[in-house]
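Working notes, structure below.
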Amino acid sequence: MSEDIVVKALIERLGADCVLTGDDVHSRSAGIWRSDTIQAKAIVRARSTEEVSEAMKICHAHDQTVVAHGGLTGLVKASLTAPDDVVISLERMNAIEEIDAVNRTATVQSGAILQTIQEAAEEQGLMFPLDLGGRGSCTIGGNISTNAGGNRVIRYGMTRDMVLGLEAVLADGTVVTSLNQMIKNNAGYDLKHLFVGSEGSLGIVTRAVLRLREMPTSRATMFVGVDEFAKLGQLLKLIDAELGGTLSAFEVMWNNFYTLVTTEPAKNQPPISQEYPYYVLIEAMGANDELVEAVLGRAYEEGLVVDAVFAQSEAQRQALWAMRDDVEQCFRYGPTISFDVSMRISCMEDYVQAVQAGMDDAFDEYRLFIFGHLGDGNLHLVAGVDGAEKRELVERCVYAPLEPIGGSVSAEHGVGLEKKPYLAMCRSPEEIDLMRTLKTALDPKGLLNPGKIFDAA
Ligand SMILES: Cc1cc2nc3c(=O)[nH]c(=O)nc-3n(C[C@H](O)[C@H](O)[C@H](O)COP(=O)(O)OP(=O)(O)OC[C@H]3O[C@@H](n4cnc5c(N)ncnc54)[C@H](O)[C@@H]3O)c2cc1C
């Protein structure tokens, strides 16, 4: 049987310590957001790029499908496996190989945890700017493969913008080492982009060179109330223009999300009244406090904010962020469906109204919490309706209004299996055909993360 042949060959080549089977596989959680366990014929816990390559050579020879696993914090079912798949887990390839303080780069193995990389950079007075709620569990390989966004995109861009080079193992086991360390390198195609955001479907990322920044010398954090949607965009423009490029977060919460995360049993205290329709958590890294206060004063005078608090200590700053990160409160009333959509900010108010109108028509009762990285045009919607069979109807309410405004069904979480049926709503047939051409060129047998994002040719 081919199953036994592949597992046997993997054990023979890599050693039993490297290859989990049976209960050692089935007892492992399928992901941080999931209640089930991993279904796969084996998990290869590779210790080096060479071992990933050896494993892929064996799988390629046997037409064996493979799914790469990082921290399993992804939100779109991109790392789900079938019982016949082999998992290659990067959990043991977690070394920070080098922090180069002069050239401001970090060279890391792809299983390194994001928070560990942040802390290693900080020890050298530097910053790796990627930051998201899953920082303590997600891996840089997963961040690269999903092109993760997070809280500082408005200032530093997505993961794609922080990767200078990488190493990947292709479907046939070929190792492509492209560990560029320079900010500028236009010598031919920039191959790293094939692997950033392709959700493990074109290759397995094994190492990466990351761009580090100087650690900002200050961090000003504010929380403001806003009484009209149109003022959110004006406030963003004013603050960004006046703060001289230091704006690093502009996170918006609709009233019901704010009320939810600041009312018991949630542990956060409301820093300002719960009566305003919108709230914004604003952070400026490297701005001086007087300038920030002056800009906030101007926003008051112009009527763009109606209430505000300024974090006076690190504890207060963390309390403001804890409120924003307390997304789990949305799940406390029952089953929910989470969305991650993007659009131009100018379209956002009408979009939200269209979603609400659709939900009003479709359901007698529902919950809809809205928050997100508004500065990046990215909203998260968490919808709660009773009955799993209603999922498709909710998805239609959220996704259909995106089409006429050129929005995207995935701002930062990727496509995986969850958004696969909706990819064609925001990508043209020609774009999807080109994705298929790339997939066929790099993985003609369709072995890497099969069935995710789109169906191969
Ligand atoms: C509390 C919380 C908050 C979050 N907030 C955000 C947020 O603000 N923004 C955001 O973008 N995401 C967010 N996420 C989602 C998640 O953390 C990211 O998608 C993250 O990048 C996934 O990394 P991972 O290591 O867990 O990858 P996994 O979940 O293990 O895998 C994700 C995908 O990447 C592939 N993959 C993993 N490692 C490799 C590799 N080495 N080579 C090739 N393919 C690989 C997998 O096959 C799969 O397709 C959040 C998650 C949590 C738990």
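Here, each number is a calculation from the coordinates, and none is a lab measurement. Please read these numbers as outputs of a predicted model, since none were measured by experiment. Glycine also receives a Cβ, built like all others from the backbone with ideal geometry; neighbour counts cover every protein chain displayed.
Potential lengthening of the chain between Asp23 and Leu438 amounts to 145.8 nm, from the contour at 0.36 nm per residue minus the alpha-carbon distance.
If Lys and Arg each add +1 and Asp and Glu each add -1, what is the summed charge of the other residues whose beta carbon sits under 10 Å from the beta carbon of Lys57? Counting the neighbours of Lys57, the net charge comes to -1. Counting other C-beta atoms within 10 Å, and keeping those with at most 11, which DSSP coil trypsin sites (Lys or Arg not before Pro) do you find in the stretch 86-190? Counting only loop positions with at most 11 other Cβ atoms within 10 Å, the trypsin sites (Lys or Arg not before Pro) in the stretch 86-190 are Lys184.
Would you please classify the overall shape of the stretch 322-402 from the alpha carbon gyration tensor, given that a ≥ b ≥ c denote the square roots of the eigenvalues, rounded means a/c under 1.5, and beyond that prolate means a/b larger than b/c while oblate covers the rest? Judged from the Cα gyration tensor, the stretch 322-402 comes out oblate (a/c at least 1.5, b/c at or above a/b).
Using the alpha-carbon positions of the stretch 341-457, Rg (one decimal) and Dmax (whole number) come out as 15.9, 49 Å. Remind me, what semi-axes does the chain give for its equivalent ellipsoid, largest first in whole Å, using sqrt of 5 times each Cα gyration tensor eigenvalue? Those come to 39, 27, 20 Å. Measuring nothing but how far apart in sequence close Cα pairs (under 8 Å, 6+ apart) lie, relative to its length, the stretch 96-214 scores a relative contact order of 33 percent.
For the pair the stretch 381-457 / the stretch 56-82, the C-alpha centres are spaced 18 Å from each other. Candidates Ala121, Cys138, His60 compared by Cα position along the dipole of the chain: farthest toward the positive end lies His60, with charges placed on Cβ.
The mean sequence separation of alpha-carbon pairs under 8 Å and at least six residues apart, normalised by the residue count of the chain, gives a relative contact order of 15 percent.
How many percent of DSSP beta bridges within the chain run antiparallel, rounded to 5? Of those bridges, close to 85 percent are antiparallel. Net length available on complete extension from Asn255 to Glu123 is 43.7 nm, with 0.36 nm assigned per residue and the Cα-Cα distance removed.
In debye, nearest 20: dipole of the chain around its Cα centre with unit charges on the Cβ of K, R (+) and D, E (-)?
900 debye
Placing a label point 7 Å from the Cα of Asp161 along the Cα-to-Cβ direction, the residues of the stretch 236-255 whose backbone N falls under 20 Å from that point are 236-252.
Remark: Cys397, Cys330, Cys347 ranked as Cys347, Cys330, Cys397, counting other beta-carbon atoms within 10 Å and listing the fewest first. Considering only Cα atoms, the convex hull volume of the stretch 219-327 works out to 87 Å³ per residue. All other residues whose Cβ lies under 10 angstrom from that of Glu275 are scored, Lys and Arg at +1 and Asp and Glu at -1, for a net of -2. Evaluated at q = 0.13, 0.16, 0.18, 0.22 Å⁻¹, the base-10 log of the normalised Debye intensity for the stretch 27-110, with identical point scatterers placed on the Cα atoms, takes the values -0.49, -0.69, -0.82, -1.05.
Annotation for the stretch 287-347: trypsin sites (Lys or Arg not before Pro) lying in DSSP loop with at most 14 further Cβ atoms inside 10 Å of their Cβ are Arg344.
With a cut-off of 12 Å between beta carbons, the residues surrounding Met285 carry a summed charge of +2, where Lys and Arg count +1 and Asp and Glu -1.
By the rule of a C-alpha distance below 17 Å, with chain neighbours fewer than 8 residues away ignored, the lysines paired with Lys419 are Lys77, Lys390, Lys452. If only the Cβ of Lys and Arg carry +1 and only the Cβ of Asp and Glu carry -1, the dipole of the stretch 334-430 around its Cα centre is close to 260 debye. When all alpha carbon pairs of the stretch 96-214 are counted in 10 Å bins from zero, the resulting P(r) reads 15, 50, 31, 4, 0 %.
Across the stretch 259-296, the residues whose backbone nitrogen lies under 16 Å from the label position 7 Å along the beta-carbon direction of Gln318 are 267-269. Would you give the gap between the C-alpha center of the stretch 275-299 and the C-alpha center of the stretch 115-159, rounded to a whole Å? Comparing the Cα centres of the stretch 275-299 and the stretch 115-159, I get a distance of 24 Å.
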